[in-house]
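Right, one structure below, let's go through it.
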Amino acid sequence: MKAGLIVEKPASVFDRHQEWAGLAAFLPATGSATGGATLGVVSGRRRQGKSYLLRALAEAAEGVYFGATEATEAESIRQFTRSISQQTGRVPQADVHTWDEAVRHMFTSVQGSPCPVVIDEFPFLTAASPALPSILQRELGPGGSGAGSSARLILCGSALSVMGRLLSGTAPLRGRAGLELIIRPFGYRDAAEFWGIGDPRLALLVHSVVGGTPAYRYEFNRGDVPTGLEDFDAWIVRTVLNPQVPLFREARYLLSEEPDIRDPAIYQSVLAAIAAGNCTNGGIANYVGRKSAEIAHPLRVLEDCGLIERQPDTFGAKRVQYRISEPLVAFYEAVMRARWAALESGRASQVWESVRHTFKTQILGPHFEGVCRSYVRNRDLEIFGEFADQVGNAVINDPVSRLQIEIDIAVTAAESAGRRRVLGLGEAKWGETVGTGHLDRLRRAKELLNGKKLDVADAHLMLFGAAGFTEGVQAAAASDPRVHLVDLGRLYRDGTQPVTTSAEELGT
């Protein structure tokens, strides 16, 4: 092991600067007085590059990496012990038959300078050996074999429901971890760079299908990237809708791989309901033909698995919406699931032609809204001059028109002295030109919120338009610094000129 190692992120690891910094900080660079072994937990949905990142860490820090497999307890213990011995050069003095012996061998084999010891796919081990977390707790505690070890033990897994329970409630390892890191998909800008796409419209189209999951760029997609906007439709047909490409079945596998999902039918129906725009508890229940109480558990499991997100109303109304977190799952539910037989028979071109409108309304529109919210979260100081406490969506009742005004981007500051300040209200439109009518809706919403005793004096009005803006709304923005117009170019490259959009491109 290298003494006094400063762990530099390899050039082969794209982005992940913050994640690498957290891992590097978990490995002190100086001194041999480590104070014993420490524990870290790394989790994240599948295909996010966790294993790649941790392998790179183990290699850069001359540490130990073990990737667990689905196996019996006896076989897993043999594989683990053999891997530790091969990588540390320390052979156990006696045969190892139990996890108690294997864990002690691991800790006694790693001494001296701090060294990462990665156990990847940890849920595979606990499935066959439920007592393993308790054994680790004992050995990490006072008098355990970890007291004299310099191991920086990192447990990693993709089963979010299992990994989430490791440190929760009365779990044995609760309070033991010095690192808890979640590896998330790339943000929309980083994803565009990773895919090598410079056109903002094409970047968002691709992101609405495959999101920011790194594995979908090469491993699941043969490295195929659309060459331009004119190639997007053909790219969809030859990759995502092609039964011969691994990406075709990926959305199905994401659900079946979760250990807490034992009856996929109800979960598939819940996801289909959300993808179709039924985003409230009542709407989902009505779509799947169940009572609201009967879908509470599937919703909770899907949320724990990281496949859906729960979005409370920003302004406090008792209204919660759900959205699918993984774009590929949303695409599958809205476009592929009901047409699976036709797709498997090789009719991808005909299917895609028939569902382009569905893609635009059920996928592109909601996805664009989500990207716009991400933009505001990341640039709150630039836009509002202060930290945004909440960025979400909301619904405001208008008693005069007896209609509801849906706010795509609702932003509030942290509550102070019992007052809630609204920092911004925004509307996002993918397929229509944004005009003064959209601005007037936001102004009306601002008036209504003022009547609800919310402080809207400093509220900014934000209009996001993928198809551009009318001259009237551009003039309004030019005369009022609190009116913001954000096009696709601004979403992806601050300070650029607006993206020109042809009539043909608007059809996508």
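Would you mind stating whether residue 213 is modelled with pLDDT of 95 or more, in the same structural domain as residue 330 (by TED's automatic domain parsing) and in contact with a Lys or Arg (Cβ under 8 Å, 6 or more places away or on another chain)? Considered against the rule, which asks whether it is modelled with pLDDT of 95 or more, in the same structural domain as residue 330 (by TED's automatic domain parsing) and in contact with a Lys or Arg (Cβ under 8 Å, 6 or more places away or on another chain), residue 213 comes out as yes.
Answer yes or no as to whether residue 403 is closer than 16 Å to residue 317 by Cα, at pLDDT below 95 and surrounded by 15 or more Cβ atoms within 10 Å (Cβ to Cβ). For residue 403, the condition - closer than 16 Å to residue 317 by Cα, at pLDDT below 95 and surrounded by 15 or more Cβ atoms within 10 Å (Cβ to Cβ) - is not met. Apart from one condition, residue 316 fits all of (1) in a helix (DSSP H, G or I); (2) modelled with pLDDT under 95; the exception is (1).
Within the range 62-77, residues that are without any contact (Cβ under 8 Å) to a residue 12 or more places away in the chain sit with their Cβ atoms under 9 Å from residues that are assigned to a helix (DSSP H, G or I), at 6+ positions apart or across chains, in these pairs: 75/128. Restricting attention to the range 149-202, the residues being of a type in the set (Phe, Trp, Tyr), buried (at least 19 other Cβ atoms within 10 Å of the Cβ) and not in a loop (DSSP other than H, G, I, E, B) number 2.
Conditions tested, residue by residue: (1) over 20 Å from the mean Cα position of the chain (by Cα); (2) aromatic (Phe, Trp, Tyr); (3) at pLDDT 95 or above.
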| position | (1), (2), (3) |
| --- | --- |
| 168 | yes, no, no |
| 201 | yes, no, yes |
| 209 | no, no, yes |
| 221 | no, no, no |
| 235 | yes, yes, yes |
| 245 | yes, no, yes |
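So, residue 308, is that one more than 18 Å from residue 208 (Cβ to Cβ) and either free of Cβ contacts under 8 Å to residues at least 60 places away in the same chain or small (Gly, Ala, Ser) (or both) or not? Taking the combined requirement at face value, the residue does not satisfy it.
One residue is enough: does the range 125-136 have a residue meeting the conditions over 33 Å from the mean Cα position of the chain (by Cα), assigned by TED's automatic domain parsing to the domain that holds residue 40, surrounded by 21 or more Cβ atoms within 10 Å (Cβ to Cβ) and under 20 Å from residue 42 (Cα atoms)? Among the residues of the range 125-136, not one is over 33 Å from the mean Cα position of the chain (by Cα), assigned by TED's automatic domain parsing to the domain that holds residue 40, surrounded by 21 or more Cβ atoms within 10 Å (Cβ to Cβ) and under 20 Å from residue 42 (Cα atoms), which makes the answer no.
I'd like the residue in the range 423-446 that is among the aliphatic types (A, V, I, L, M) and in contact (Cβ under 8 Å) with a residue 40 or more places away in the chain and, out of all such residues, is nearest to residue 411 (Cα to Cα). So the residue we want is 423.
Set side by side, the residues 422, 351 differ, and just one is over 30 Å from residue 267 (Cα atoms), modelled with pLDDT of 95 or more and not aromatic (Phe, Trp, Tyr), which is 422.
All of 288, 240, 301 fail the test of being under 24 Å from residue 124 (Cα atoms) and hydrophobic (A, V, I, L, M, F, W, C), apart from 301.
Among 209, 288, which is the only one that is in contact (Cβ under 8 Å) with a residue 24 or more places away in the chain and either charged (D, E, K, R) or at negative phi (or both)? Matching residue, one of 209, 288: 209. Residues that are in contact with a helix residue (DSSP H, G or I) (Cβ under 6 Å, 6 or more places away or on another chain), over 26 Å from residue 131 (Cα atoms) and at pLDDT below 95 are absent from the range 83-101. Taking the range 254-306 as the range and being in a helix (DSSP H, G or I) and modelled with pLDDT under 90 as the test, the residues that pass are 254, 255, 256, 264, 265, 304.
The values are calculated or read from the model by the stated rules, or taken from the named source; none is laboratory data. This is a predicted model, so every value here is computed, not measured. Positions of Cβ are backbone-derived with ideal geometry, glycine not excepted, and every protein chain shown enters the neighbour counts.
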